[in-house]
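Report on the structure given below.
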Amino acid sequence: MERTEAELISAVLKGNAASFEPLVQKYSPRVFSTARRYARRESEVEDIAQEAWLKAFKKLGSFRGEAPFEHWLMRLTVRTCYDFLRRHQRNRESAFSDLTEPESDWLEHFMTQPEAVSENTDAARLLVARILERLSPPARLIITLLEIEDRSVKEIAALTGWSVPLVKVRAFRARAEMRKILAKLPKDKYL
Amino acid sequence: MNLAELQKKLIAAARTNTPGDGVPYAFEKRIMALLPSRTTTDNLVLWARGLWQAAASSVAIALMLGAWVFFNPTSGANASDLSQNFENTLLAAVDQNLQTQ
C-alpha cells in the first residue's frame, strides 16, 4: 500500500531517511521546472534542485503540515533560486552588441511593425532571456513570478517571504529596471 | 521605440516559453546519497530515549517505595529495636572503652 505524504514525512522525521525518496521522486519535476526559470545551464538547474532538496531534508522539522507539502517545498525552491541569482550576477553588465541575427531581425521587425511582430518566436524568447539575465535578482524574481507566471502579489509574498508592500515596491522598481535595460538596446540601430 | 509595447511583447514571449519539467536519470538516488548521515543523531536519540526511560522507571520505583513505606509503617517496637541495634553497633567501640576504664 502506498504511504501518504504525511506518513512519509513523519517517518523521515523519526530517522527513516529512505522515506524521503518517494517525495523527491514525486516533486522533482516541479522543482526542476521552477529552477529552469532562473538558470539557463542544465548543470546550474541541477545544482539548484539539489540544494533545494537538501534544504528540504534539513528543514523538514519546520514543516507543520498546515499547508500542503508542495507549497512548502515551492517556497523553499523559490528562495533557493533567489539565492542562486544573488550568487551569480556575472552576466548583468554584458553589452547588447552581441545580439544574434534573429534577435536583431526581430527587433527591426518590431520597429517597423510593432503590432505585426510575433512574440511566439525563438528570437523573442532568446531576447527576453537575455534581458532577464541583466535584471537585478529581486527584479528578475518579481518579473518572473508576477508577469511571466502571472501570480498574485499575495502569492509572491508567501513564496518569497517578503511583505505585500515590499512586493509592490519591488514590482514597480523591477518594471522600471526592465524598461531601463530595454532603453539600452543599441540606440543607433533601433531608436 | 515604444518601450512599454516592447516590454509587453517580450513578456508575452517569455510566457510562451514554458520550462520543461524533465528530471535527470536517477536524480533521487543522487539526493539520497547526499543526505547527511543520521547515524550520530540516531545514537544520540537512542541515548536520550534510554535516559528518559530510566528516569521514568526510577521515579515509578521511588513512588512505589514511598507508598509502601507510607501505607505499611513498621511497628513502633520494631523501629526502636532497629535504631537501638544500629546505635549499639555504631557505638560498640566507645561502650567497650567505657567498660574497661
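So that you can scan it fast, the table gives a plain yes or no per residue for (1) β-branched (Val, Ile, Thr); (2) facing another protein chain (nearest Cβ under 9 Å); (3) touching a helix residue (DSSP H, G or I) at 6+ places or on another chain (Cβ under 9 Å):
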{"site": "A:Asn120", "(1), (2), (3)": "no, yes, yes"}
{"site": "A:Arg134", "(1), (2), (3)": "no, no, yes"}
{"site": "A:Ile142", "(1), (2), (3)": "yes, no, yes"}
{"site": "A:Lys154", "(1), (2), (3)": "no, no, yes"}
{"site": "A:Thr160", "(1), (2), (3)": "yes, no, yes"}
{"site": "A:Arg170", "(1), (2), (3)": "no, no, yes"}
{"site": "A:Arg179", "(1), (2), (3)": "no, yes, yes"}
Just the residues that are within 30 Å of A:Arg134 (Cβ to Cβ) and crowded, with 17+ Cβ neighbours inside 10 Å, please, taken from segment A:8-29.
A:Ser28
Hits in segment A:38-79 - residues which are of a type in the set (Val, Ile, Thr) and either assigned to a loop (DSSP other than H, G, I, E, B) or touching a residue at least 40 places away in the same chain (Cβ under 8 Å) (or both):
A:Thr77, A:Val78
Counting just the residues of segment A:21-48 that are of a type in the set (A, V, I, L, M, F, W, C) and facing chain B (nearest Cβ under 7 Å), which one comes out nearest to A:Leu159 (Cα to Cα)?
A:Phe32
Answer yes or no as to whether A:Arg79 is of a type in the set (D, E, K, R) and at pLDDT below 95.
no
Only one of A:Ala176, A:Ala183, A:Ala157, A:Ala123 is free of Cβ contacts under 8 Å to residues at least 24 places away in the same chain and touching a Phe, Trp or Tyr at 6+ places or on another chain (Cβ under 8 Å). Can you tell me which?
A:Ala123
Anything in segment A:105-120 that is under 26 Å from the mean Cα position of the chain (by Cα) and in a helix (DSSP H, G or I)? List them, or say none.
A:Trp106, A:Leu107
All positions within segment A:50-83 that are under 20 Å from A:Glu133 (Cβ atoms) and in contact with an Asp or Glu (Cβ under 7 Å, 6 or more places away or on another chain)
A:Thr80
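The values are calculated or read from the model by the stated rules, or taken from the named source; none is laboratory data. In this text the structure is predicted, and so the values were computed from the model without any measurement. When we count neighbours, we look across all protein chains shown, and the Cβ atoms used for this are built from the backbone with ideal geometry, even at glycine.
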